[in-house]
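Nothing in this text is a laboratory measurement; each read-out follows from the coordinates by a stated rule. Source: prediction; values computed, not measured. With ideal geometry, Cβ positions are generated from the backbone for all residues, glycine too; neighbour counts draw on all protein chains shown.
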Amino acid sequence: MSKYNTFKKQNSSDLRYTSELNYLHFYLPDIFPTLNKILLFDHDVVVQQDHSKLWNTDMIEKVIAGVGTCQEGETSFRRMDMFINFSNPYIAKRFDVNACTWAFGMNLFDLQQWRRHNLTGVYHKYLQKGSNMPLFSTGSLPLAWLTFYNKTMVLDRRWHIVGLGYDSVIDTNKIEQAAVIHFDGIRKPWMDICLARYKGYWSNFIKFDLPLLQRCNTQA
């Protein structure tokens, strides 16, 4: 693991920002050197539909595919300048503040294109820049927006619904039609603070009699 421990330790106790696992996204071609493509799911998602159609999508030489979070009015709405410092000339000259943002959680990666553009090296460049000047906020997502800038295919929102760990008013029809639902946020379905109206979408697939889950005191 020490090979991948290159990110700057943030002044935070939140494992979403300091855990090495959240930064392994940026080393996928090294971790899987024999693969040319990978579909990656976070630990807090539930897969509800077949993904073969997505797998066979022509990515048009893009490196990553993900659902957009740039639609105003949506709970998941994000702007680049919410997490990236556009007052810094280095950023302002290289990035469009109105560029569409996107979510981690369910992403398709073309590892051949990744290697071609040496994006792990690009990631290291921005990581180093960010250690010397305030370019972005904590977490891996702002770094990803910089690293994969102009190399992202934005997917239809039906592939991946986010917000089940913080948004209590997501349309039930959208949840049930989505290929993947994502419990991003702090209110995970296995925690006491989970949003009760969504817990069944997770607990219906869990075998609570497994010894490990019993030791963790996980309850339906």
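Within the stretch 61-81, the only residue that satisfies the criterion of being more than 18 Å from HIS160 (Cα to Cα), touching a residue at least 24 places away in the same chain (Cβ under 8 Å) and surrounded by fewer than 16 Cβ atoms within 10 Å (Cβ to Cβ) is GLU61.
Where residues in the stretch 138-158 are in contact with a His (Cβ under 8 Å, 6 or more places away or on another chain) and in a helix (DSSP H, G or I), which of them is surrounded by the most Cβ atoms within 10 Å (Cβ to Cβ)?
Just the residues of the stretch 138-158 that are in contact with a His (Cβ under 8 Å, 6 or more places away or on another chain), to begin with: 140, 144, 151.
Filter once more, keeping what is in a helix (DSSP H, G or I): 140, 144.
Details: SER140: 20, ALA144: 24.
Among them, the one singled out is ALA144.
Of everything in the stretch 159-177 that is polar (S, T, N, Q) and outside any loop (DSSP other than H, G, I, E, B), the residue that is surrounded by the fewest Cβ atoms within 10 Å (Cβ to Cβ) is ASN173. The lone criterion from (1) surrounded by 14 or more Cβ atoms within 10 Å (Cβ to Cβ); (2) more than 27 Å from SER131 (Cα to Cα) left unmet by ASN36 is number (1).
Being in contact with an Asp or Glu (Cβ under 8 Å, 6 or more places away or on another chain) and under 19 Å from LEU135 (Cα atoms) narrows it down to one of VAL97, VAL122, so name that one.
Details: VAL122 fails: in contact with an Asp or Glu (Cβ under 8 Å, 6 or more places away or on another chain).
So the residue among VAL97, VAL122 that is in contact with an Asp or Glu (Cβ under 8 Å, 6 or more places away or on another chain) and under 19 Å from LEU135 (Cα atoms) is VAL97.
Regarding ASN132, is this residue closer than 30 Å to ALA92 by Cα, within 19 Å of the chain's Cα centre (by Cα) and among the polar types (S, T, N, Q)? No; evaluated as a whole, the condition is false for this residue. Can you tell me which residues in the stretch 121-137 are buried (at least 17 other Cβ atoms within 10 Å of the Cβ) and touching a residue at least 24 places away in the same chain (Cβ under 8 Å)? Within the stretch 121-137, VAL122, TYR123, LEU127, GLY130, LEU135, PHE136 meet the criteria. Evaluating ILE91 against the criteria (1) over 12 Å from the mean Cα position of the chain (by Cα); (2) touching a residue at least 24 places away in the same chain (Cβ under 8 Å); (3) at positive phi leaves one unmet condition, (3).
State whether the residues of the stretch 179-197 include one that is on the phi < 0 side of the Ramachandran plot, crowded, with 21+ Cβ neighbours inside 10 Å and touching a Pro at 6+ places or on another chain (Cβ under 9 Å). Yes - at least one qualifying residue is present in the stretch 179-197.
Within the stretch 79-134, being among the hydroxyl-bearing types (Ser, Thr, Tyr), farther than 14 Å from PHE26 by Cα, part of a helix (DSSP H, G or I) and touching a helix residue (DSSP H, G or I) at 6+ places or on another chain (Cβ under 9 Å) holds for one residue alone: TYR90. For ASP58, the conditions (1) buried (at least 17 other Cβ atoms within 10 Å of the Cβ); (2) in a loop (DSSP other than H, G, I, E, B) are fulfilled apart from (1).
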